[in-house]
Amino acid sequence: PVFWGFSLTAGLASGTFFGFVGGAAYVVINLMERTPVEYGMYFGLVSLGYIFGNFLSGRFVSKIGPQRMIRLGVLLAMCAMLLMASLYALDDMQPAFLFVPAIFLGMGNGLVMPSCIAGAVSVKPEIAGAASGLAGTLQIGCGAIVAPVVGALVSTSAWPMILVMALCSVLSALSMLLVSR
């Protein structure tokens with residue numbers, strides 16, 4: 001259960017990000033009527049959030065521990081999704097209403113991913129390679145499922161994207177319960 005907890009937490013956190021990837025371009029370019037260049041500039045900021053989260057993880061994981069780091073990351077991701085939904089509910093479609101929360105989502109994922117992968121491979125060190133491969137497959141697999149689902153659902157509103165992302169974020173947090181047992 002511990003391996004699955006770490007792996008599913010990382011996979012579903014990845015699904016949250018890939019949900020954004022699957023829908024944000026359509027929402028910004030078609031629904032908000034912004035240019036692809038403008039979308040690209042905003043999207044670059046999301047990766048800065050992830051990089052900053054990775055930096056913080058490397059800096060503080062030895063002080064607070066990997067499980068607490070993961071919990072902080074999934075909490076930050078859920079708060080980011082709540083913020084995204086709240087801002088979007090204002091019904092004034094602005095790119096910042098998607099991308100500012102997405103930066104915090106990226107930061108949360110930057111806190112989650114390193115500790116989840118380290119946790120997954122440390123459960124049984126003698127099969128760390130297989131564990132790494134399976135955990136990585138779950139990460140990419142969740143993204144590969146979520147991105148096209150969001151892409152198919154988004155047509156007149158960003159709500160399907162936001163709701164799928166929020167669902168992945170909550171399921172990611174719940175997956176950590178397998179680690180706590």
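The values are calculated or read from the model by the stated rules, or taken from the named source; none is laboratory data. Since we're looking at a predicted model, the values are computed, not measured. As a convention, Cβ positions derive from the backbone with ideal geometry for all residues, glycine included, and neighbour counts pool all protein chains shown.
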Scan the range 129-156 residue by residue and report those that are in contact (Cβ under 8 Å) with a residue 24 or more places away in the chain and over 30 Å from Leu31 (Cβ atoms).
-> Ala131, Leu134, Ala135, Leu138
Count of the range 118-138 residues which are of a type in the set (Lys, Arg) and in a helix (DSSP H, G or I) = 0
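Residues checked against (1) modelled with pLDDT under 95; (2) closer than 27 Å to Asn30 by Cβ; (3) of a type in the set (Phe, Trp, Tyr); (4) in contact with a His (Cβ under 9 Å, 6 or more places away or on another chain):
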position	(1), (2), (3), (4)
Tyr50	no, yes, yes, no
Phe60	no, no, yes, no
Val74	no, no, no, no
Met78	no, no, no, no
Phe99	no, yes, yes, no
Ile103	no, yes, no, no
Which pairs do you get when a residue that is in a helix (DSSP H, G or I), found in the range 47-70, comes within reach of a residue that is exposed (fewer than 12 other Cβ atoms within 10 Å of the Cβ) and small (Gly, Ala, Ser), reach meaning Cβ atoms under 8 angstrom, with the pair 6+ apart or on two chains?
-> Gln67/Ser180
Quick one: count up the residues across the range 167-181 that are closer than 17 Å to Pro101 by Cα and either free of Cβ contacts under 8 Å to residues at least 40 places away in the same chain or surrounded by fewer than 20 Cβ atoms within 10 Å (Cβ to Cβ) (or both).
-> 2
Filter the range 145-159 for residues that are within 24 Å of Phe104 (Cβ to Cβ) and under 16 Å from the mean Cα position of the chain (by Cα); the one that is surrounded by the fewest Cβ atoms within 10 Å (Cβ to Cβ) is Ile145
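For the range 69-82, enumerate the residues that are closer than 12 Å to Leu163 by Cα and surrounded by fewer than 17 Cβ atoms within 10 Å (Cβ to Cβ).
Answer for the range 69-82, where residues must be closer than 12 Å to Leu163 by Cα and surrounded by fewer than 17 Cβ atoms within 10 Å (Cβ to Cβ): just Leu82.
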